[in-house]
Structure formats: structure tokens, C-alpha cells
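See below for the structure under consideration.
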Amino acid sequence: MSSTERGSWASARHRSSVLWVVAIAAIAILFDGYDLVVYGTILPVLMDDPGQIGALSASQAGALGSYALIGVMVGALTCGAIGDHFGRRKMMLINIVWFSVGMALASFATSITSFGLLRFFTGIGVGGLVATAGAMIAEFAPPGRRNLFNAIVYSGVPAGGVMASILAIVLRDAIGWRGLFLIGALPLLLLFPLAWFRLPESPVWLVARGRIDEAEAVSLKTGIPLPVNVTRPSGAAAEKVGFRALASKQYVWGTALLGLMSFAGLLLTYGLNTWLPKIMENAGYNAKGSLSFLLVLNGGAIIGGLLASRIADVTGPQRVVATTFGLAALALLLFTFGFPLPVLLASVAIAGVGTIGTQVLIYGFVSNYYSTSARAAGVAWCAGFGRLGGIFGPLIGGSLISAGISSESAFYVFAGIAVLGCIVTFFVPKQNPHLNAAAVPVEKENSSEPGVTVVG
């Protein structure tokens with residue numbers, strides 16, 4: 001086995017190029033997380049002051065919160081439909097501009113209608129980035145580092161939530177809610193120029209599209225290896241691309257189960273992020289404010305998700321995802337025993353690993369499950385269908401609280417969902433390990449065609 005197959009670097013230039021890709025994707029997802037959480041931090045201002053966007057009732061506030069999530073679902077599915085055709089670089093650049101412009105425009109909204117439409121518009125860009133980032137990491141990272149780099153990138157979602165909470169505490173009174181939304185538009189000024197100059201197209205995607213010469217040029221410039229056994233187009237039947245590939249016999253069963261896993265993961269993520277403080281308040285706990293619970297939940301997700309992803313690179317993600325779903329169920333059950341506050345907060349951190357951290361691992365699992373021609377569509381399907389879980393999670397929590405259900409019963413319900421997620425994970429069929437072929441560096445002097453091993 002070559003060093004590249006084991007997960008090391010083909011060259012210093014290869015390492016530098018991949019780390020730039022990971023950094024750009026991670027910053028983009030960080031602002032995605034910021035975008036999705038900042039609304040909750042400014043909601044009290046909007047509801048208390050009708051002079052901002054109009055008189056906002058509780059039901060209208062809930063609807064506005066869901067518009068961004070619906071936009072994420074639309075954006076992810078749309079990106080899945082076209083992303084495997086248009087390429088990783090182009091989709092990443094488009095979506096950075098899209099959600100940055102959406103955040104900027106939303107900061108100038110003066111009515112509930114315009115604000116809601118712009119939240120939906122912004123969500124489309126967020127969904128597109130979520131769908132594209134996983135495909136990029138799967139194609140750029142060495143095999144032995146894919147789950148770790150994926151976790152680094154998608155940990156930007158909880159990290160962005162933490163950033164939104166802290167900036168709201170520090171700056172909301174000084175710059176107002178409009179200023180906080182303008183912060184969310186900074187990627188247009190700071191990240192887009194960086195991505196334009198430092199983000200290459202995926203050589204693996206170029207090879208899959210038959211654009212061998214372009215793939216060689218990118219590989220020579222960046223040091224990013226090409227797949228082994230590159231085959232030049234010969235007129236054979238084209239491989240199914242995008243959502244058509246997901247419906248093929250090879251993927252259809254796995255696609256359905258992966259979608260259910262993502263549904264469960266995002267239901268738990270959004271359900272707990274929305275209602276954990278209120279549920280714990282009803283149970284009589286006081287952890288120095290609701291923000292403490294959310295910081296511990298998201299902080300546990302970041303640290304635990306990174307550790308679990310490193311294990312997934314060694315053992316494979318399927319068992320690790322099943323285990324973290326199990327940890328979520330265990331932690332949620334521990335909430336019901338009335339432990340002292342330190343034990344409770346430790347349980348909240350474990351719950352963060354099992355809910356938000358599990359969703360991070362699922363994205364890594366999905367992005368490495370599919371071949372190049374179906375990868376963006378696969379991630380988009382899980383991000384899009386899973387987003388339904390993100391919409392239902394807060395609704396389930398709200399329904400339980402409105403019905404006067406005890407906090408213990410609410411945690412039992414969420415724990416049951418985690419158990420179902422664990423069971424579903426075990427039934428995902430294995431895929432051919434050669435779908436993601438090992439990569440080899442381009443060496444013009446050692447091949448009959450520049451930088452490739454020609455087959456057929």
C-alpha cells in the first residue's frame with residue numbers, strides 16, 4: 001500500500017493545497033452555522049420592538065425561523081441536482097456569494113414579509129454549501145484523513161452557533177441586530193477572494209467527467225494526486241450522474257437509510273438546540289442561564305466529533321455513528337435522574353457528541369459512501385431530507401411542552417429517536433471499497449500520458 005493510500009501526503013505542495021481547501025470549506029461552514037443561529041439571538045429584539053420589521057407574534061417568529069431551514073433544504077437538493085454536473089469549485093463560489101448577499105440584504109429588511117423571504121433566500125445558499133463541502137473533502141483529502149477533515153469542516157456549524165451567541169452578548173447592544181446580520185455577510189469580502197485564488201477544481205471530479213487534460217493540469221499545479229487507473233473516454237455508456245445515480249440499484253437502499261440517519265441526527269440537533277434550556281428550566285435546573293447549556297452542548301459536539309472522526313478514519317464510520325447515536329440515547333436518559341449540576345453538564349456534553357457530533361460524522365459517512373458522479377447528490381439528499389428532521393425537531397419539542405408533558409417524558413422521546421437512528425445505521429449496506437480509488441501523484445516522466453495511468 002502506498003503512503004498516499006494510507007493517508008499521508010504525496011508532497012509538501014499536496015499538503016498545502018489540501019489544507020487550503022479544508023480551511024476555506026471550514027470558514028464557509030462556520031458562517032453557515034452563524035447564519036442559522038444568529039436569528040435566535042436577535043429574536044427578542046424583533047419581538048419587543050415593532051419598529052424593526054413590524055409587530056411579530058410568537059407564531060410568526062416560529063414561521064420566520066423555519067423559512068431559513070426550508071431554504072436550506074431547497075438549496076441542498078438543488079445543488080445535488082446540478083452540483084455533480086457543474087463541479088465543486090463553481091458551486092462553492094456561487095454559494096459563498098449567495099448566502100453572503102442574503103445576509104446583507106436581510107439586514108436592511110423593514111417588513112416581516114421581506115425579512116422572511118430573505119431568510120429563505122439565504123437558506124438556499126447555506127444548503128448549497130453544506131452539500132458541496134462534504135463532496136470536496138471526500139475528493140481532496142487523503143483516504144486516512146477524510147473523516148477527520150470532514151469533522152473539522154462540519155464542526156463549523158456548532159462553532160458558528162457559539163460565535164453567534166458570544167457576538168450577540170458582546171455586540172448586540174452596540175451594533176444592533178442589523179449589524180449582527182452584516183457580520184454574516186463578511187465572507188463576500190474576506191472568503192470569496194481567498195476561494196477564488198486558492199480553491200482549485202477537484203481533479204477527481206474532472207477525471208469523472210472525462211476532462212483528463214484539465215485534471216492533469218490541476219494536479220501538476222497543486223500537487224493533488226489523480227486517481228489510479230485513469231481511463232480516457234472511449235464512447236462507452238456514461239455513468240449515471242447526480243440523483244439518477246442515487247436511484248440506481250447500487251445505491252437506492254443505502255440512500256434511503258442514510259437519509260433516515262440524517263433525519264434523526266438533525267431532528268435531535270435542532271430539537272435540543274431549540275428546547276433544551278426550556279426543558280431543563282421546567283425540570284428545576286439553573287445552569288447560569290440557557291446559554292450555558294447551549295455552549296456545553298455545542299462545545300461537546302466540536303471536541304467529541306473531532307475525536308470520533310479520527311476513530312472513524314481507522315475503523316470506518318458506520319460503527320462510530322451507531323455508537324454516537326447510542327451515546328445520545330444514554331445521555332438523554334441520564335437527564336431524567338436528577339443528578340447534580342456537574343454531572344448534568346457532563347451529560348449535556350455527551351449529548352452534544354451524540355446529536356450534533358453524530359450529524360457531523362454522518363456527513364463524512366455519506367460523502368465517502370458514493371462514487372464521484374453521485375457524491376454531491378448523496379450529500380445533498382442527506383442534507384435536504386435530513387433538514388425535514390431539523391424542521392420537525394423544534395415542532396416535536398414545542399408540542400411536548402405545550403401538552404404539559406414532563407421533562408422526563410420529553411427526553412424519553414428524544415432518546416427513542418436516537419435508538420432508532422442507531423438501528424438504522426447498522427442496516428446501511430456496505431459499498432465497494434474501490435469506489436474511492438487511491439490517488440497517485442502526477443509524474444510526467446513516468447507515464448505514457450502525462451500524469452495518468454491509461455487503462456483500456
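Rule-based calculations on the coordinates, nothing more; no lab input. On a predicted model such as this, the values are computed, not experimentally measured, just so you know. So basically every Cβ, Gly included, is an ideal-geometry build from the backbone, and we count neighbours across all protein chains shown.
Remarks
- Kirkwood radius and radius of gyration were both taken over the C-alpha atoms of region 352-420, and their ratio Rg/Rh is 1.10.
- The relative contact order of the chain comes to 25 percent, based on Cα pairs under 8 Å that sit 6 or more residues apart.
- Our Cα-only numbers for region 289-349 put the radius of gyration and Dmax at 12.9, 39 Å.
- Crossing angle, helix 212-222 versus the chain [Cα axis fit, 0-90 degrees, rounded to tens]: 70
- Space enclosed by the convex hull of the alpha-carbon atoms of region 1-199, per residue, Å³: 113
- For region 1-106: Kirkwood Rh in Å [reciprocal of mean 1/r, alpha carbons]: 17.0
- Other residues whose C-beta falls under 13 angstrom from the C-beta of THR122 contribute a net charge of -1, scoring Lys and Arg +1 and Asp and Glu -1.
- Degrees, to the nearest 10: 88-106 long Cα axis against longest axis of the chain: 20
- Mean residue ellipticity (222 nm) of the chain, computed from DSSP H runs ≥ 4 via -39,500 (n - 2.57), nearest 500: -25000 deg cm²/dmol
- Per the Kirkwood formula applied to alpha carbons, region 152-218 shows a radius of gyration over Rh ratio, Rg over Rh, of 1.23.
- Principal semi-axes in Å for region 239-436 [√(5λ), Cα gyration tensor, largest first]: 32, 17, 13
- Percent RCO, i.e. relative contact order, over region 239-436, from Cα pairs under 8 Å lying at least 6 residues apart: 42
- q = 0.08 Å⁻¹, the chain: log10 I(q)/I(0) [Debye, one scatterer per Cα]: -0.45
- For a modelled paramagnetic label at LEU19, 7 Å from Cα along Cα-to-Cβ, the residues of region 198-222 in reach, with backbone nitrogen under 20 Å, are 198-201, 219-222.
- Which of GLU139, GLU216 has the fewest Cβ neighbours within 10 Å, and the rest in rising order: GLU216, GLU139
- Rounded to whole Hz, the Karplus (6.51, -1.76, 1.60) HN-Hα couplings of region 157-166, x for glycine and proline: 5, x, 5, x, x, 4, 4, 4, 5, 5
- Which of PHE339, PHE414 has the fewest Cβ neighbours within 10 Å, and the rest in rising order: PHE339, PHE414
- Degrees separating the helix 407-426 axis from the principal Cα axis of the chain, which is the longest one: 10
- Shape category assigned to region 319-391 from the gyration tensor of Cα positions, a/c cut at 1.5: prolate
- Close amide-amide hydrogen proximity is noted between LEU226 and VAL440, VAL442, each under 5 Å apart and 5 or more residues distant or on a separate chain (H modeled in the peptide plane; Pro and chain starts excluded).
- Within the shell defined by Cβ-Cβ distances under 12 Å, the residues around LEU56 carry a net charge of -2, with Lys and Arg each +1 and Asp and Glu each -1.
- Contact order, relative form, for region 1-199: 39 percent (alpha carbon pairs under 8 Å, 6 or more residues apart, mean separation divided by residue count).
- Alpha carbon centroid spacing (whole Å) that separates region 290-314 from region 163-207: 22
- Region 22-71 versus region 344-395: alpha-carbon centroid distance in Å: 20
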